[in-house]
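Visitor: Here it is, the structure in full.
The values are calculated or read from the model by the stated rules, or taken from the named source; none is laboratory data. Computed from a predicted model, the values in this text were never measured in an experiment. Cβ placement follows ideal geometry from the backbone for every residue including glycine, while neighbour counts extend to all protein chains displayed.
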Amino acid sequence: MACLSMLVALIVSWTSPKIYRATTYVLVSESKVHPDVSRPDWDYTFLPTYIQFVDNDALAMETVKHFHLDGAPYHLTPHRFLRGSVDTQVVKNSRLLQIDVDFPDAQLAAELANYLAKGAAELNARINDVDTVNTQTFLKRRLDEASAHLAEARAKSLDVQRRAHLEDRERQLKILLDEKEVVSRQVEDLRSAAAQSKQKSASLAESLSAEPRTVQLKKSIVSDRFLERAAQSLPADKQDLLSATEETSNPIRQELAQELAESNAGAAADQAGLDVVVARLSQIDAETAGLTAELAQLRSAVDESEENVKLAREGYEIATRDYLNASVTVTARSEDLKPVSPAIIPENPIRPRILLNTIAAGLLGLVVSAGLALAVDNARCTEPERLRIVEREAASGRVS
């Protein structure tokens, strides 16, 4: 029985189509552009997701059509090809994907393995390209928005500066400050002049009060030439009668009164001028305060608009840099698939294993033969016992 099984296994294995296995490897490498320093250790948990870059129907269909596997003699579909011929797995503790292709044709098995590895790498590159285009589209839209925002900020800044007229207002403020300085000096001068005029008027008033209103003048009549000739004829004891006393206004008082009037008029003029310049100084202070507040508000608006322009310009520069570096950004965030160790044409088939199948068939034949022998022996031992039981039962029936 064992020999027969070994002979059958040998014949079947020898006549069965031979299956060859070609093996290639794909390296999943992290980007060399701006590696993620926050993840210094390679995360192997994501490696199984890259198996789908090989085991996918699109790549299988492309492979089947490229090598005409859907025709004679194979008549494979993409699904049957993946399930029956392709095995992809992650090599433990590495970044390698192992692609095994089992096929009756050794050369075709190697070509299929290399084609799948190349297709997986190209698929990853296409996905990265699509990500790059999508990223560029998104960043271009953001760049356009940043450009529009910058143009709007500049327009608002120009409008604020045009409406502010800061130079005119600063010039006006300088004129007011210069005028205030002049008027302030005038106020001090007029206050000093008014004080001096008041002091002089007080002094003149005091002097005027000390002077009598009239004075008596004693005048000789001989001062007249004709009277002098007439007086010569008078006796000597009558000479005293030749003088006359006259009362008249005090000229000093009149002079002091005139000076006092002039001093009072000057003091009044100084006070009137002082009132005018003080009023003008107050007006200048009010205009200066209002203009200063307005300038502060306008400067704040201008500074705010310039700050908005600066922020908009920075945003535009960042958006421009991101747009120009879109491909680098995508590459920095993605891994690359690189075929390594291309598959070579296998020399020996992996199936069928003639020697192993023959030995296994012989062992199975031995097991089956031993089982059959044991079953026959048990049957032979059981038959006499069953006959003795029947005889005893028959004998018991006759006795009864």
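Visitor: Would you please list the contacts, defined by Cβ atoms under 6 Å and residues six or more apart or on different chains, that run from a residue in segment 176-187 that is assigned to a helix (DSSP H, G or I) to a residue that is not hydrophobic (A, V, I, L, M, F, W, C)?
Guide: LEU176/GLU287; LEU176/THR288; VAL183/ARG280
Visitor: What residue, of LEU150, LEU123, LEU139, LEU143, is in contact with a strand residue (DSSP E or B) (Cβ under 9 Å, 6 or more places away or on another chain) and not polar (S, T, N, Q)?
Guide: Of LEU150, LEU123, LEU139, LEU143, the one residue that is in contact with a strand residue (DSSP E or B) (Cβ under 9 Å, 6 or more places away or on another chain) and not polar (S, T, N, Q) is LEU123.
Here's the yes/no breakdown for (1) part of a helix (DSSP H, G or I); (2) at pLDDT 90 or above; (3) more than 18 Å from LEU166 (Cβ to Cβ); (4) not small (Gly, Ala, Ser):
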{"site": "GLN271", "(1), (2), (3), (4)": "yes, no, yes, yes"}
{"site": "ALA279", "(1), (2), (3), (4)": "yes, yes, yes, no"}
{"site": "ALA289", "(1), (2), (3), (4)": "yes, yes, no, no"}
{"site": "VAL302", "(1), (2), (3), (4)": "yes, no, no, yes"}
{"site": "ASN308", "(1), (2), (3), (4)": "yes, yes, no, yes"}
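Visitor: Follow-up question, since we're still on this one. Quick one: in segment 320-357, which of the residues that are assigned to a helix (DSSP H, G or I), farther than 30 Å from THR45 by Cα and not charged (D, E, K, R) is modelled with the highest pLDDT?
Guide: So, considering only residues that are assigned to a helix (DSSP H, G or I), farther than 30 Å from THR45 by Cα and not charged (D, E, K, R), the one modelled with the highest pLDDT is THR320.
Visitor: Quick one: which residue in ALA110, ALA117 is in a helix (DSSP H, G or I), under 16 Å from LEU27 (Cβ atoms) and of a type in the set (Gly, Ala, Ser)? Working first, answer last.
Guide: Working: ALA110 fails: under 16 Å from LEU27 (Cβ atoms).
Of the residues listed, the single one that is in a helix (DSSP H, G or I), under 16 Å from LEU27 (Cβ atoms) and of a type in the set (Gly, Ala, Ser) is ALA117.
Visitor: Inside segment 116-165, can you point out the residues that are polar (S, T, N, Q), within 24 Å of GLU317 (Cβ to Cβ) and at pLDDT below 90?
Guide: Listed by number, the residues that qualify are THR132, ASN134, THR135, GLN136, THR137, SER157, GLN161.
Visitor: Further, regarding this structure: Which of (1) in contact (Cβ under 8 Å) with a residue 24 or more places away in the chain; (2) closer than 30 Å to TYR44 by Cβ; (3) among the hydrophobic types (A, V, I, L, M, F, W, C); (4) surrounded by fewer than 20 Cβ atoms within 10 Å (Cβ to Cβ) does ALA106 not meet, given it meets every other one?
Guide: So ALA106 meets the others, but not (2).
Visitor: Something else now. If I ask for residues that are of a type in the set (Ser, Thr, Tyr) and buried (at least 16 other Cβ atoms within 10 Å of the Cβ), which ones from segment 283-332 would you list?
Guide: Within segment 283-332, THR288, SER305, TYR316, TYR323, SER327, THR329, THR331 qualify.
The rows are residues; the columns are (1) surrounded by fewer than 16 Cβ atoms within 10 Å (Cβ to Cβ); (2) modelled with pLDDT under 90.
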site	(1), (2)
LEU10	no, yes
SER16	yes, yes
VAL26	no, no
VAL37	yes, yes
ASP55	no, no
PHE67	no, no
TYR74	no, yes
ARG80	yes, no
GLN89	yes, no
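Visitor: If you check LEU166 against the conditions, is it surrounded by fewer than 17 Cβ atoms within 10 Å (Cβ to Cβ), closer than 30 Å to ARG280 by Cβ and either of a type in the set (A, V, I, L, M) or in contact with an Asp or Glu (Cβ under 6 Å, 6 or more places away or on another chain) (or both)?
Guide: yes
Visitor: Considering LEU177, LEU166, LEU143, LEU173, which residue is farther than 23 Å from ALA289 by Cβ and of a type in the set (A, V, I, L, M, F, W, C)?
Guide: Matching residue, one of LEU177, LEU166, LEU143, LEU173: LEU143.
Visitor: Still on this structure, please answer the following. Against the definition (part of a helix (DSSP H, G or I), touching a residue at least 40 places away in the same chain (Cβ under 8 Å) and surrounded by fewer than 16 Cβ atoms within 10 Å (Cβ to Cβ)), how does ASP275 come out, yes or no?
Guide: no
Visitor: In addition: Kindly indicate whether PRO104 is over 48 Å from the mean Cα position of the chain (by Cα) and at pLDDT below 90.
Guide: Criteria not met by PRO104.
Visitor: For segment 55-92, how many residues are acidic (Asp, Glu) and closer than 16 Å to LEU123 by Cβ?
Guide: Within segment 55-92, residues that are acidic (Asp, Glu) and closer than 16 Å to LEU123 by Cβ number 3.
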